[in-house]
Amino acid sequence: MRRRFTTLDVFTERPFAGNPLAVLPDARGLTDPQMLAVTREFNFSETTFVLPPETATAARRVRIFTPGGELPFAGHPTIGTAVALVADGYVAMGERRLNLVFELGAGPTPVTVTVDHGRYAATFTAPRRPVRGPTTPPERVAAALGLPADAIDAAAHPPVDIGCGLDFVAVRLRDGEALAACRPRLDAWAELESPAAGHGVVAYVVEAAGRLRGRMFGPGVGVVEDPATGSAAAALGGLLAGLEPAADGRFAWTLTQGVEMGRPSRLEVAADKAGGEVTAVRVAGAAVVVADGTIELPD
């Protein structure tokens with residue numbers, strides 16, 4: 001059984017940066033074990049499998065796998081899959097802007113693809129509004145990240161579960177040196193009782209107004225560190241907008257990730273707030289096609 005694939009680097013405008021992604025644009029007939037096997041063969045943080053939609057309003061159904069299993073939602077696969085389908089001609093663009101909806105496990109997810117002089121970018125709206133969960137003692141999160149307890153800026157907010165379709169533990173660190181010093185300890189990871197820690201811990205610092213720097217560690221899903229994590233960026237946007245004292249407004253940040261891995265990534269995050277509630281979170285970024293070909297699957 002032979003299937004076509006495309007690989008892209010997402011949240012970057014140049015190859016060999018950002019977060020790699022493999023896309024199988026026609027995954028009809030593949031079983032779950034085959035999808036997982038293909039994902040592990042590529043060994044990227046995620047691989048997507050595109051299927052016909054189950055509703056009339058969606059363009060495609062998209063299943064997202066990590067080497068550890070399937071996810072209901074992830075950001076760089078959503079961006080990259082949309083760009084791949086347009087760049088490869090599976091979805092007609094027509095003009096320089098295309099709006100479509102993906103069916104993801106977390107729910108319908110609107111995506112807008114744009115092209116400017118051959119450069120592709122996309123924006124997704126998170127499938128769910130941000131939901132805050134329980135907090136985790138700072139000393140436990142610090143131990144899991146291989147840091148001293150005072151590396152966490154608990155005065156800004158304690159480590160907290162937050163997600164817009166996929167939950168993470170979000171932790172603000174005191175400075176860039178603490179962020180660079182993160183060395184996850186798998187033995188201490190087991191002490192993080194929050195289910196969100198199974199998806200990942202996103203550690204970040206505020207470099208300046210509207211500028212964030214982050215790292216995401218997800219050993220529970222087979223991703224020790226991720227160079228660009230759109231779902232975690234959406235979670236951060238929802239968290240930070242919720243912490244803003246203003247009851248209404250649109251808030252935006254540029255998040256840099258992947259620098260420590262040698263794969264710098266840029267994620268544009270925006271959140272809308274009305275009546276004190278975050279009503280929508282969007283994440284945008286560029287993507288470039290790196291390779292395409294076919295993969296042979298055993299029967």
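The values are calculated or read from the model by the stated rules, or taken from the named source; none is laboratory data. This one's a predicted model, so the numbers in the text were calculated from it and none came from an experiment. Cβ sites come from the backbone with ideal geometry, for glycine too, and all protein chains shown count toward neighbours.
Some observations on this one:
- Put simply, of A143, A156, A178, A197 the only residue that is closer than 28 Å to F65 by Cβ and either in contact (Cβ under 8 Å) with a residue 12 or more places away in the chain or in a strand (DSSP E or B) (or both) is A197.
- In this structure, G89 does not qualify as farther than 19 Å from T114 by Cβ and either surrounded by fewer than 24 Cβ atoms within 10 Å (Cβ to Cβ) or in contact with a Leu (Cβ under 9 Å, 6 or more places away or on another chain) (or both).
- The residues of the stretch 210-231 that are more than 12 Å from P130 (Cβ to Cβ) and assigned to a helix (DSSP H, G or I), listed by number, are P219, G220, V221, G230.
- Candidate set: the stretch 94-123, residues that are closer than 22 Å to G165 by Cβ and in contact with a Lys or Arg (Cβ under 7 Å, 6 or more places away or on another chain); chosen: the one surrounded by the most Cβ atoms within 10 Å (Cβ to Cβ): F102
- Looking across the stretch 64-78 at every residue that is in contact (Cβ under 8 Å) with a residue 40 or more places away in the chain and under 17 Å from V10 (Cα atoms), the one that is surrounded by the fewest Cβ atoms within 10 Å (Cβ to Cβ) is identified as T66.
- The stretch 222-248, residues that are more than 17 Å from E268 (Cβ to Cβ) and either among the basic types (K, R) or out of contact with any helix residue (DSSP H, G or I) (no Cβ under 7 Å at 6 or more places or on another chain) (or both): G222, V223, V224, D226, G242, L243, E244, P245, A246, A247, D248
- For the stretch 103-125, filtering for residues that are touching a helix residue (DSSP H, G or I) at 6+ places or on another chain (Cβ under 9 Å) and under 21 Å from T12 (Cβ atoms) leaves 9.
- Among (1) outside any helix (DSSP H, G or I); (2) modelled with pLDDT of 95 or more; (3) farther than 23 Å from E225 by Cβ, the one test that V86 misses: (1)
- In the stretch 117-133, the residues that are over 21 Å from L100 (Cα atoms) and touching a residue at least 24 places away in the same chain (Cβ under 8 Å) reach residues that are hydrophobic (A, V, I, L, M, F, W, C) and assigned to a loop (DSSP other than H, G, I, E, B) with C-beta atoms within less than 6 angstrom, at least six apart or across chains, in these pairs: P130/C164.
- Index of the failed condition, P245 passing every other in (1) surrounded by fewer than 20 Cβ atoms within 10 Å (Cβ to Cβ); (2) touching a strand residue (DSSP E or B) at 6+ places or on another chain (Cβ under 6 Å); (3) over 25 Å from A188 (Cα atoms): (2)
- Subset of the stretch 257-299 (residues that are surrounded by fewer than 18 Cβ atoms within 10 Å (Cβ to Cβ), among the β-branched types (V, I, T) and part of a strand (DSSP E or B)): T279, V289, V290, T294, I295
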